[in-house]
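The values are calculated or read from the model by the stated rules, or taken from the named source; none is laboratory data. Since this is a predicted model, take the numbers as computed values, not measurements. FYI the Cβ positions are ideal-geometry reconstructions off the backbone, even for glycines, and counts take in every protein chain you see.
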Amino acid sequence: MVEYVDFVSHATAIPRNSKAGTPPSTLNKTFPLLGPRFCPPSFLHATKRDTTPSIVPEGLYLKSLTVVHPTFFPGMLGICPQCASTDIIWDGWNATGAREVHGIRREERAIGYQLRCKTCREKYGKGRPEHGASQYCFATTSQFFWKGWEHWKIPRKQCSSLKMKLSLHNVGDRNCPLFFESNGCDT
């Protein structure tokens, strides 16, 4: 899944040497856009691929994986959770891998990307007077990253499915970021 997300991210990015105002690249219409929530195949999936699928009980214990990446949450994750600066660098996947997450309906896993804040690095980096007081590198799956967020700003109803529909969601008077709505693993 990490390779898939990296591919989609690079395929839809704005080229580095482009002029200001250049729109990002787009994917081919035949390429399936999946994520940010990836669900393990269910028995229904198996029956659609084989008339007599083998039933493996261990497969029922697989948990869905939510990928917290700027590709799936455009314009939402690009702010430092500590100083609210937008002068950041996206610096690869979380080195510790996926985390266990207690979902509302079920146990899940989440894997995130690392955000490094240039402003906090200058202020709190190694060898600085306030070193140790705060940090400048944050994983998008850490508690600290989401600590200051209000519940209505956190994206919801995200799932991978071939019948995804991109839509805007309005909660109260605040516009929420884009989210993916589908039928499938949220039931």
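Say we look at the stretch 99-125 and pick out the residues that are basic (Lys, Arg) and assigned to a helix (DSSP H, G or I); which of these is farthest from Trp146 (Cα to Cα)?
Filtering the stretch 99-125 for residues basic (Lys, Arg) gives 99, 105-106, 109, 116, 118, 121, 123.
Imposing the further condition that a residue be assigned to a helix (DSSP H, G or I) reduces the set to 118, 121, 123.
Numbers: Lys118: 19, Arg121: 19, Lys123: 21 Å.
For the stretch 99-125, the residue satisfying everything is Lys123.
Return a yes/no flag: does the stretch 46-59 have any residue that is within 22 Å of Asn94 (Cβ to Cβ) and of a type in the set (Asp, Glu). Spell out how you get there, then give the answer.
Of the stretch 46-59, the ones within 22 Å of Asn94 (Cβ to Cβ) are none.
No, every residue in the stretch 46-59 fails to be within 22 Å of Asn94 (Cβ to Cβ) and of a type in the set (Asp, Glu).
Search the stretch 59-98 for residues being in a strand (DSSP E or B) and touching a Gly at 6+ places or on another chain (Cβ under 8 Å), and hand back the single one that is surrounded by the most Cβ atoms within 10 Å (Cβ to Cβ). Write out each step before concluding.
Initial filter on the stretch 59-98 (in a strand (DSSP E or B)): 65-68, 88-93.
Subset that is touching a Gly at 6+ places or on another chain (Cβ under 8 Å): 67-68, 88, 93.
Numbers: Val67: 27, Val68: 22, Ile88: 20, Trp93: 18.
Among residues in the stretch 59-98 that are in a strand (DSSP E or B) and touching a Gly at 6+ places or on another chain (Cβ under 8 Å), the one surrounded by the most Cβ atoms within 10 Å (Cβ to Cβ) is Val67.
Can we say Pro81 is touching a helix residue (DSSP H, G or I) at 6+ places or on another chain (Cβ under 6 Å) and at negative phi? So that I can check it myself, show each step before the final result.
On the way: touching a helix residue (DSSP H, G or I) at 6+ places or on another chain (Cβ under 6 Å): yes; at negative phi: yes.
Here the answer is yes, as Pro81 does meet what is asked.
Taking only the stretch 5-45 into account, find how many residues are over 20 Å from Gly59 (Cβ atoms), among the aromatic types (Phe, Trp, Tyr) and either at pLDDT below 85 or assigned to a helix (DSSP H, G or I) (or both). Lay out the reasoning, then the answer.
Just the residues of the stretch 5-45 that are over 20 Å from Gly59 (Cβ atoms), to begin with: 5-33, 35-36.
If we keep only those that are among the aromatic types (Phe, Trp, Tyr) as well, we get 7, 31.
When the remaining residues are screened for being either at pLDDT below 85 or assigned to a helix (DSSP H, G or I) (or both), the result is 7.
Going through the stretch 5-45 one residue at a time, the tally reaches 1.
Output yes when any residue across the stretch 97-106 is under 30 Å from Lys29 (Cβ atoms) and at pLDDT below 85, and no when none is. Write out each step before concluding.
Here is the first cut: in the stretch 97-106, the ones under 30 Å from Lys29 (Cβ atoms) are none.
Scanning the stretch 97-106 turns up no residue that is under 30 Å from Lys29 (Cβ atoms) and at pLDDT below 85.
Is it true that some residue in the stretch 43-53 is touching a strand residue (DSSP E or B) at 6+ places or on another chain (Cβ under 9 Å), without any contact (Cβ under 8 Å) to a residue 60 or more places away in the chain and either farther than 21 Å from Gln114 by Cα or surrounded by 12 or more Cβ atoms within 10 Å (Cβ to Cβ) (or both)? Write out each step before concluding.
At the first step, the residues of the stretch 43-53 found to be touching a strand residue (DSSP E or B) at 6+ places or on another chain (Cβ under 9 Å) are none.
No, the stretch 43-53 has no match at all.
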